[in-house]
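The values are calculated or read from the model by the stated rules, or taken from the named source; none is laboratory data. Since we're looking at a predicted model, the values are computed, not measured. FYI the Cβ positions are ideal-geometry reconstructions off the backbone, even for glycines, and counts take in every protein chain you see.
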């Protein structure tokens, strides 16, 4: 049995402990092996733990932190003055080995920069990437990266993302020989930006990667690719567009509840439950949590606006990354695939 | 009554005349003032017109074209060898004034390049942009550009897109003082690529534009922006992601029809009809048609895979652009807003 202790930045995100603490308790309920270190202000956190189950509380420890990284700061400046923040202390617990992973809903840029500084990149990785796993129509899952950590990517970064994504698809999603694709604006080889075309050339010649070519935004959810690689700008745009579109459609479905007889209402409610159940595997709340991939440690970034269920999903993702030993596997694969630099 | 004659590239797109001809007939039915010039192979087109209403046929003329621009060509090469193609002849009819607009489902890059060569850009426009109008939750419409004509955009191009988009929102969508936003990966001023931040600085100081800042992909359908400006890569990604997401959700809704009692089936069918009705204003088929904005003539690009209904929507969009005299209005606005270069 591996030690399974996670450090949670309890103060990060739009709602802080109001969301992170109940989510932490939920995670403890669903996983009896899990231990959590809640990093933050004990005065805010403690009241939220009052009258909770003693067994759960025995697996939870508050690690005091005086400060919190504000949401709207300049990363460079925030990193310099980050001593004593809940985010930094949480990352430090990973660095020291007291925790196996860190989860934070704080500012992405700061988390990224600080994690890179403190935990360092895996050898062969120029810049870590933000990755997430989204459900697809084939009832499998698609690994998408980068989601916004690197808005300018050269072709070798895209190739590194492809390798890391393939490892994730294999060891976390459980797909053998995952299809790896580059996000582009057309399927023809001549399409797109120079860095994408260059990365395509390299990937075509990388036998360890099952590269299938370009896919367009409309294939995000179809499952054509098990791994979808893009720069952080395009990745952020495609993921947020998908989330927004799904939310709009769900709101339209729910908006149907008015002006009907009571009998209709009952039937509608019944059907909506079923429709929503089918939608649920596309519900953004249930796949919240982006992994910072390429670090020598596990760091999960939750949406800032995550609710309890969504933050719990981010914790679950951290657990999975620990169990699958993601950083070690990526390092091993890079070692096998990338040209040696000596 | 303005003369309303459109040239259709009847051979373009994945399906050619099988789609374009029935769509043309539909458009003639719904608009008694409309005249259409069907450019293409008479032998393929004529059989599709057999036994049709004589009044409709009196407003339709076949203009013979020997060749078709293939879907998967290199634009530069295809443009050089484009003589005699249905696309070029259709554009020529606009240039000569015989038609007021051209509609094609052919290769985007070729259409763009050829249109620019033959019709020329409006003064003050570096590069024309592909624009479309999508429905939003506020029951209004959002103008989005560029959708893929220019994958590298400098800041002045983005500013020009913003001006053209604002004119479209005013004269075609009917919004006074439209909210203009730049697509970005965060709302803070410091976010995003250099060209976007530079364009933001210019737009903030352009009093004729109601610039509201950055919006993210999840706001595409919410109606926060009446005009959403982006480079062609991001625009293509956001639009295709939205289309793909909606198609996936609609397919899930439709997939709900199995395994129920007959009574349930009736109720489901009834509800689905209502849900689909609410969805319909987000149905990609109903807003097909991207305008090539910034040319001294009206050119509408239809999806290559457009079905009859979708191609008809592209024709409708051409009619509207003619009636609203879009190129003249853009030229007038640019003349008023942009610094003079003499």
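Note on the stretch B:249-338: enclosed helices (runs of 4 or more DSSP H) holding 1 or more residues that are more than 14 Å from every other protein chain (Cβ to nearest Cβ) and at pLDDT 90 or above are B:308-323, B:326-337.
Just one of the listed residues (A:196, A:185) is more than 7 Å from chain B (Cβ to nearest Cβ), surrounded by 20 or more Cβ atoms within 10 Å (Cβ to Cβ) and outside any strand (DSSP E or B), and it is A:196. Of note, residue A:208 does not satisfy the criterion of being in contact with a strand residue (DSSP E or B) (Cβ under 7 Å, 6 or more places away or on another chain) and in a loop (DSSP other than H, G, I, E, B). Of all residues in the stretch A:27-48, those satisfying the criterion of being within 16 Å of residue A:15 (Cβ to Cβ) and over 21 Å from the mean Cα position of the chain (by Cα) are A:40, A:41, A:44, A:45, A:47, A:48. All conditions but one from (1) in contact with a helix residue (DSSP H, G or I) (Cβ under 9 Å, 6 or more places away or on another chain); (2) within 14 Å of another protein chain (Cβ to nearest Cβ); (3) more than 24 Å from residue B:107 (Cβ to Cβ) apply to residue A:127; the one that does not is (2).
Consider the stretch B:134-149 and keep the residues that are assigned to a strand (DSSP E or B) and farther than 24 Å from residue B:110 by Cβ. The one that is farthest from the other protein chains (Cβ to nearest Cβ) is B:143. Using the structure shown, decide if residue B:208 is farther than 16 Å from residue B:182 by Cβ, in contact with a helix residue (DSSP H, G or I) (Cβ under 7 Å, 6 or more places away or on another chain) and more than 7 Å from chain A (Cβ to nearest Cβ). Yes: the conditions hold for residue B:208. Considering the stretch B:150-177, and only residues there that are in a loop (DSSP other than H, G, I, E, B) and under 19 Å from the mean Cα position of the chain (by Cα), the residue that is farthest from the other protein chains (Cβ to nearest Cβ) turns out to be B:174. Collect the residues in the stretch A:218-236 that are assigned to a helix (DSSP H, G or I) and under 16 Å from residue A:179 (Cα atoms), keeping them in residue-number order. Answer for the stretch A:218-236, where residues must be assigned to a helix (DSSP H, G or I) and under 16 Å from residue A:179 (Cα atoms): just A:219.
Residues that are touching a residue at least 40 places away in the same chain (Cβ under 8 Å) and over 13 Å from residue A:227 (Cβ atoms): does the stretch A:161-182 have at least one? Looking through the stretch A:161-182, none of the residues is touching a residue at least 40 places away in the same chain (Cβ under 8 Å) and over 13 Å from residue A:227 (Cβ atoms).
One line per residue, one yes/no per condition, for (1) under 24 Å from the mean Cα position of the chain (by Cα); (2) loosely packed, with under 13 Cβ neighbours inside 10 Å; (3) away from chain A (no Cβ under 14 Å):
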| site | (1), (2), (3) |
| --- | --- |
| B:50 | no, yes, yes |
| B:60 | yes, no, yes |
| B:71 | yes, no, no |
| B:87 | yes, no, yes |
| B:107 | yes, no, no |
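In the stretch A:82-96, is there at least one residue being in a loop (DSSP other than H, G, I, E, B), under 30 Å from residue A:155 (Cβ atoms) and in contact (Cβ under 8 Å) with a residue 24 or more places away in the chain? Scanning the stretch A:82-96, I find no residue that is in a loop (DSSP other than H, G, I, E, B), under 30 Å from residue A:155 (Cβ atoms) and in contact (Cβ under 8 Å) with a residue 24 or more places away in the chain, so the answer is no.
Taking the stretch B:1-60 as the region of interest, the helices (runs of 4 or more DSSP H) fully inside it that hold 1 or more residues being under 17 Å from residue B:309 (Cβ atoms), touching a strand residue (DSSP E or B) at 6+ places or on another chain (Cβ under 8 Å) and at pLDDT 95 or above are B:17-30.
Checked against (1) at pLDDT below 95; (2) surrounded by fewer than 22 Cβ atoms within 10 Å (Cβ to Cβ); (3) part of a helix (DSSP H, G or I), residue A:239 passes all but condition (2).
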